[in-house]
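The values are calculated or read from the model by the stated rules, or taken from the named source; none is laboratory data. All of these numbers come straight from a predicted model, not from anything done at the bench. Heads up, the Cβs are rebuilt from the backbone with ideal geometry, glycines too, and the neighbour counts pull from every protein chain shown.
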Amino acid sequence: MDISIHIKTGIQQAFQALYNHDLSNDSIALQPTRKEFKGSHTFVTFPFARVSKKNPVQTAEDLGNFLLTKTDWLKDFNVVKGFLNLELADKVWLETLENILNSDNYGHAEPNGEKVMVEYSSPNTNKPLHLGHLRNNFLGFSISRILEANGYEVMKVNLVNDRGIHICKSMLAYQKFGEGETPESANIKGDHLIGKYYVIFDKEYKKEIAELVEKGQTEEEAKKNAPLILEAQAMLKKWEEGDEKVVGLWKQMNDWVYEGFDQTYRQMGVSFDKMYKESNTYLLGKDIVDEGLEKGVFYKKDDNSVWADLSAEKLDHKLVLRGNGTSVYITQDMGTCDMKYEDLPFTKSVYVVGNEQDHHFNVLFSIMKKLGRPYGEGLYHLSYGMVDLPSGKMKSREGTVVDADDLMDEMIETAAARVAEKEKIAEFSEEEKNELFKINGLGALKYFLLKVDPKRRMLFNPEESVELNGHTAIFIQYTHARASAIVRRAKELDANAVISTSLVLEPAESELIGLLYEYPEKIQLAAKEYSPAIIAQYAYDLAKSYNRFYHEVKIFDEEDEQKVSMRVALTTTLKSTIKSALGLLGIDAPERM
RNA sequence: GGCCCCGUAGUUCAAUGGAUAGAAUAGAAGUUUCCUAAACUUUAGAUGUAGGUUCGAUUCCUGCCGGGGCUACCA
């Protein structure tokens, strides 16, 4: 049972009794009391002065007195200006703590019957994943976990861009310069091998352009006339016609790439329930164009091209079918929308895609709504900003792209260097050590990328992210490990982790429970706002509060048996909530480190 | 040009329209070598700019300045 339910119901009753006014549940906003005042929950009365027809202070006094006399969960209250600060009775805290302890999946909602599809990752099969993909994958995976915790049935999907001219570029370069090389023979991951040939294509292509320019062509002409690009285009045409040789090569190279991706995804700790491939979806959507014409959502120009007029939404006019009857990107996306809905009749569909496509999704969603799709209102673009590095911007053309595999390896190495110097893990086996370093390194990476508001462009500092102190995953993981140590020791001592209701809470303890009570609400909020950043902040707040709590408790633990068991109960609770919060971010919480 | 996003301590990030704008890190001063931690305490330091809306604005609205993105019959 959530504490705030008590309070909200009480306030509703008070408004009914005092002012004969029905207050809706949604209009009651409670906020944590500032630490310089007594109390845990604060109700702001300014907005209700016109209902009570009294000044905010008097309103707060009246409410406080009503709650104190008519309910049994309030210990005391104080009023500062229009702020009503509530001090809850000890039994409320104790009940809460007991609930948390007895609940298997505290903070997780019951199934709500709604289905949601989350699409993320969206790699191209012509090159390996890079730093930007890391933010994408972590966001997508974390959002999926958060939605699940909120009771949604979630389907995670990945729409792979496995066809098109850029794929042909890699294929062509391989055909010309590959000499039958394979991932095994070259001893590199499949996706890296393909990426290598994509770079080779670009290099050779540039050479050809330079030659043509020297012969008098303009740069623009040269780009169009270079033999390599013409060959690549011819290859794409053959692929579309189903040419056996081309398709065979395509399949072969795709297999290599997918093998490489699998490895990368496993390392990231993300997974998908279904893979979609553009080679299967790129022809979808033409029937929707016809439908849109019938419904008057689209119109046809003289040259037969089909357009959507979205000028009313400030989105201008958008082409949805070329004059020659072939589709554009958005045609395919419209079709994919419907296809997804057939796979899972969702109420929400989340697209985790970079903010450079904000406009595209505005257009797509607007069209689907106009077409009257039942899921139209549930379409959501989880847009995120670019990730910068201290060294500067990433540019694929200039070879300054940070490879995801390399970065993850480096993170693990750095974490190993930091954690190993602590000499606290001397008794660990090599295997245990490596496992721990992996958990630390990848946790640090995930946490750092997730703690920032997704829509903001952010700076990723690898060094800072693996600090043992500060706002980092390792700090939180370490807190979890310490909590685990206390619980372990308590078990050895046969200390009973049951709460005695006669206990009086020390300030540090009630503060800690006060933090814990907010947990379900935080998750709820995060799901609504699609923000793992809030979960990250919360995990950190918990870990930090543990330091204060720990020092307070230490003073008592030899003399006062009861306080020891309270400490164990609190520690157990803290441990499981930290673990749960980290779990929502896709981060492991080690038992020992 | 039009449209969208972002501007908060030196730096990296917070803040459902609420109280004195929070953390972390770097800096300054002090205590300690005990707890699985070079830790703990104290201190200094910020809302780009000009208006507007209201009991109250980092938050909402308008102009300006700065950064980024989009504005393809590319995907």
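Worth pointing out:
- Where A:Asp358 falls short, out of the listed (1) within 10 Å of RNA strand B (Cβ to nearest atom); (2) of a type in the set (Asp, Glu); (3) farther than 27 Å from A:Met268 by Cβ: (3)
- For region A:319-353, filtering for residues that are within 8 Å of RNA strand B (Cβ to nearest atom) and of a type outside the set (Val, Ile, Thr) leaves 7.
- A:Phe365 being assigned to a helix (DSSP H, G or I), surrounded by 19 or more Cβ atoms within 10 Å (Cβ to Cβ) and either more than 29 Å from the chain's Cα centre (by Cα) or in contact (Cβ under 8 Å) with a residue 12 or more places away in the chain (or both): yes
- Qualifying residue in region A:211-218 (condition: of a type in the set (Val, Ile, Thr) and either outside any helix (DSSP H, G or I) or more than 27 Å from A:Phe138 (Cβ to Cβ) (or both)): yes
- Set A:Glu463, A:Glu413, A:Glu427: member being away from RNA strand B (no atom under 14 Å from the Cβ) and either surrounded by fewer than 18 Cβ atoms within 10 Å (Cβ to Cβ) or among the small types (Gly, Ala, Ser) (or both): A:Glu413
Let's see how each residue does on (1) among the acidic types (Asp, Glu); (2) assigned to a helix (DSSP H, G or I):
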{"site": "A:Ser142", "(1), (2)": "no, yes"}
{"site": "A:Arg145", "(1), (2)": "no, yes"}
{"site": "A:Glu179", "(1), (2)": "yes, no"}
{"site": "A:Ile188", "(1), (2)": "no, no"}
{"site": "A:Leu193", "(1), (2)": "no, yes"}
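- Test set (1) outside any helix (DSSP H, G or I); (2) crowded, with 22+ Cβ neighbours inside 10 Å; (3) of a type in the set (Ser, Thr, Tyr) - A:Tyr106 fails condition number: (2)
- Screening A:Phe66, A:Phe77 for residues that are part of a strand (DSSP E or B), more than 10 Å from RNA strand B (Cβ to nearest atom) and either more than 40 Å from the chain's Cα centre (by Cα) or buried (at least 19 other Cβ atoms within 10 Å of the Cβ) (or both) leaves exactly one candidate, A:Phe77.
- A:Glu153 vs. criteria at pLDDT 95 or above, within 32 Å of the chain's Cα centre (by Cα) and acidic (Asp, Glu): yes
- Tally, over region A:196-231, of residues that are under 25 Å from A:Leu129 (Cα atoms), of a type in the set (D, E, K, R) and free of Cβ contacts under 8 Å to residues at least 60 places away in the same chain: 4
- For region A:1-60, the tally of residues that are more than 34 Å from the chain's Cα centre (by Cα), outside any helix (DSSP H, G or I) and of a type in the set (Ser, Thr, Tyr) stands at 1.
- Checked against (1) closer than 26 Å to A:Tyr106 by Cα; (2) in contact (Cβ under 8 Å) with a residue 12 or more places away in the chain, A:Thr9 passes all but condition (2).
- Sub-6 Å Cβ pairs linking a first residue in region A:484-498 that is in a loop (DSSP other than H, G, I, E, B) to a second residue that is modelled with pLDDT of 70 or more and surrounded by 13 or more Cβ atoms within 10 Å (Cβ to Cβ), at least 6 apart or interchain, are A:Ala495/A:Val568; A:Ala497/A:Val568; A:Ala497/A:Ala569; A:Ala497/A:Thr572, ordered by first then second residue.
- Of all the numbered requirements in (1) surrounded by fewer than 16 Cβ atoms within 10 Å (Cβ to Cβ); (2) touching a strand residue (DSSP E or B) at 6+ places or on another chain (Cβ under 8 Å), A:Lys8 misses one, and that requirement is (1).
- Every residue from region A:12-55 that is under 16 Å from A:Asn78 (Cβ atoms) and in contact (Cβ under 8 Å) with a residue 40 or more places away in the chain: A:Pro32, A:Thr33, A:Phe37, A:Lys38, A:Gly39, A:Ser40, A:His41, A:Thr42, A:Phe43, A:Val44
- Subset of region A:250-298 [in a strand (DSSP E or B) and either free of Cβ contacts under 8 Å to residues at least 12 places away in the same chain or surrounded by 15 or more Cβ atoms within 10 Å (Cβ to Cβ) (or both)]: A:Tyr276, A:Lys277, A:Phe298
- Top-ranked residue of region A:299-318 - restricted to ones that are in a loop (DSSP other than H, G, I, E, B) and over 24 Å from A:Ile165 (Cα atoms), ranked as farthest from RNA strand B (Cβ to nearest atom): A:Leu310
- Matching option when the condition is within 9 Å of RNA strand B (Cβ to nearest atom), β-branched (Val, Ile, Thr) and in contact (Cβ under 8 Å) with a residue 12 or more places away in the chain, among A:Val452, A:Val419: A:Val452
- Test: A:Ala234 is over 21 Å from A:Val257 (Cα atoms), among the small types (Gly, Ala, Ser) and in contact (Cβ under 8 Å) with a residue 12 or more places away in the chain: no
- Exclusive hit being modelled with pLDDT of 70 or more, crowded, with 21+ Cβ neighbours inside 10 Å, within 16 Å of A:Glu95 (Cα to Cα) and out of contact with any strand residue (DSSP E or B) (no Cβ under 8 Å at 6 or more places or on another chain), set A:Ala539, A:Ala543, A:Ala473, A:Ala569: A:Ala569
- A:Asp405 satisfies every condition listed in (1) within 16 Å of RNA strand B (Cβ to nearest atom); (2) modelled with pLDDT of 90 or more; (3) more than 30 Å from A:Leu293 (Cβ to Cβ) except (1).
- Qualifying residue in region A:70-82 (condition: closer than 25 Å to A:Thr572 by Cβ, free of Cβ contacts under 8 Å to residues at least 12 places away in the same chain and not charged (D, E, K, R)): no
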